[in-house]
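Here is the structure we will look at, set down as structure tokens.
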Amino acid sequence: MSEDVLLQEARRWVRDARRIAVLTGAGMSAESGVPTFRDAQTGLWAKFDPQQLATEDAFRANPKMVWDWYAFRRDMIAKVEPNNGHRALAAFAQRHPHRMTLITQNVDGLHQRAGSDGVLALHGNISEDKWLDVPKGCCNTETAMPGSPPRCERCGNMLRPAVVWFGEALPMQALIAAETAAQECDLMLVVGTSGVVYPAAGLARTAAGRVVIINPEPTELDDAADAVLRGKAAQLLPLLLED
Ligand code: OAD
């Protein structure tokens, strides 16, 4: 089938679906200028070792290095804007209340900045902090001592980015809501993810309805797809989701 015919077919599926689940990954924000993780040249994990930067052990061993790396990413994300793909998803949800559940692995907050409500952020949000150890009465984010990272002035507990690191559990409520959305959807759009990180990738395999992948490159989930649209999120989503 030609690309154009596939797109038209997928547009019909969007129109007919009562419930749509959308799972996004780093490629969703690529056209906003946020690097992906696994691109061979520009991906973050091509340049940095995730075991040194994205685990609790790494943070405990070298809190300044890990904090500074996240601070660098926060600064970069603060300078970019949502793209037409983020906007198309937000606009569709506004035009069609209660039809779409947006699930993201991204921590960049760009879906939320584009106007999407109720985003299920499976891997947390890079712009937020939380305490490394269970906070005591003295741990108050307002009075934390500034630094890399900021610390509780009484007990020394450290603030850390509120993202999910390797080896950590996903936020339970968001994960359950995402699983329910997958099991109840008529259509799932899988956008800009390599599909290698579980449990997020597993959502595409449990989707009750059709699965459409949007990605310029092959992914680990292509075998689960009813249609693969080989293209970029910011270009294809506005076409796919227009009424
Ligand atoms: P990856 O870097 O693994 O994959 C990004 C995907 O986006 C690839 O399949 C690209 O082909 C695709 N892509 C690139 N540009 C695109 C565009 N303009 N439009 C659509 N797709 C495009 O990123 P994720 O799959 O999101 O986890 O990675 C999953 C998780 O691994 C991340 O959430 C992160 C990482 O380690 C944690 O940090 C816990």
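The values are calculated or read from the model by the stated rules, or taken from the named source; none is laboratory data. The model shown is predicted, which means the values in this text are computed figures rather than measured ones. Using ideal geometry, Cβ is built from the backbone for each residue, glycine included, and neighbour counts are taken over all protein chains shown. The area values use the complete protein model at the heavy-atom level, side chains included, leaving out ligands, DNA and RNA. Shrake-Rupley method; radii C 1.70, N 1.55, O 1.52, S 1.80 Å.
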Task: For the stretch 61-70, 3J(HN,Hα) per residue [Karplus equation, 6.51 cos²θ - 1.76 cosθ + 1.60, θ = phi - 60°, Hz, x = Gly/Pro] - done: 6, 8, x, 5, 4, 5, 4, 5, 5, 5
Task: Computed log₁₀ I(q)/I(0) - Debye formula, equal Cα scatterers, no solvent, the chain, q 0.15, 0.17, 0.18 Å⁻¹ - done: -1.02, -1.24, -1.36
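Give me the percent of accessible area attributable to carbon and sulfur for the stretch 57-141, probe 1.4 angstrom. Walk me through the numbers before you get to the answer.
Values: 2160 of 4190 Å².
On the stretch 57-141, the fraction of accessible area on carbon and sulfur atoms equals 52 percent.
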Task: the chain - mean residue ellipticity at 222 nm from DSSP helices (-39,500 (n - 2.57) per run, n ≥ 4, rounded to 500) - done: -10000 deg cm²/dmol
Open item on the list: For the stretch 1-85, which chymotrypsin sites (Phe, Trp or Tyr not before Pro) pass both filters: DSSP loop (anything but H, G, I, E, B) and at most 15 other C-beta atoms within 10 Å?
Closed with: F48
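May I ask you to give the solvent-accessible area per residue for the chain, in square angstrom, as obtained with a 1.4 angstrom probe? Write down the numbers at each step before the final one.
Working: 11890 Å² over 243 residues.
Roughly 49 Å² per residue, with all protein chains present.
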Open item on the list: Can you return the lysines within cross-link range of K130? Criterion is Cα-Cα under 28 Å, with same-chain partners fewer than 8 residues away left out.
Closed with: K47, K64, K79
Open item on the list: Kirkwood Rh over alpha-carbon pairs of the stretch 1-137, then Stokes-Einstein at 10 °C and 1.306 mPa s: what D in µm² s⁻¹, rounded to an integer?
Closed with: 93 µm²/s
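Could you tell me what percent of the DSSP beta bridges with both partners in the chain are antiparallel, to the nearest 5? Walk me through the numbers on the way to the answer.
Values: 7 of 27 bridges.
Within the chain, antiparallel bridges account for around 25 percent of the total.
When ranked by the protection proxy of mean other Cβ atoms within 10 Å per residue, highest first, what sequence do the peptides 85-93, 15-23, 181-189 form?
Working: 85-93: 23.9, 15-23: 19.8, 181-189: 21.9.
For the peptides 85-93, 15-23, 181-189, the packing ranking is 85-93, 181-189, 15-23.
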Task: Residues with amide H under 5 Å from that of V190, placed H, sequence gap 5 or more - done: L23, V212, I213, I214
Task: Size-normalised alpha-carbon gyration radius of the stretch 11-65, reference 2.2 N^0.38 Å - done: 1.72
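Roughly how big is the chain's charge dipole about its Cα centre, with Cβ charges of +1 (Lys, Arg) and -1 (Asp, Glu), in debye to the nearest 20?
Values: 25 positive and 30 negative charges, 91 e Å.
Using Cβ point charges on Lys, Arg, Asp and Glu, the chain gives about 440 debye.
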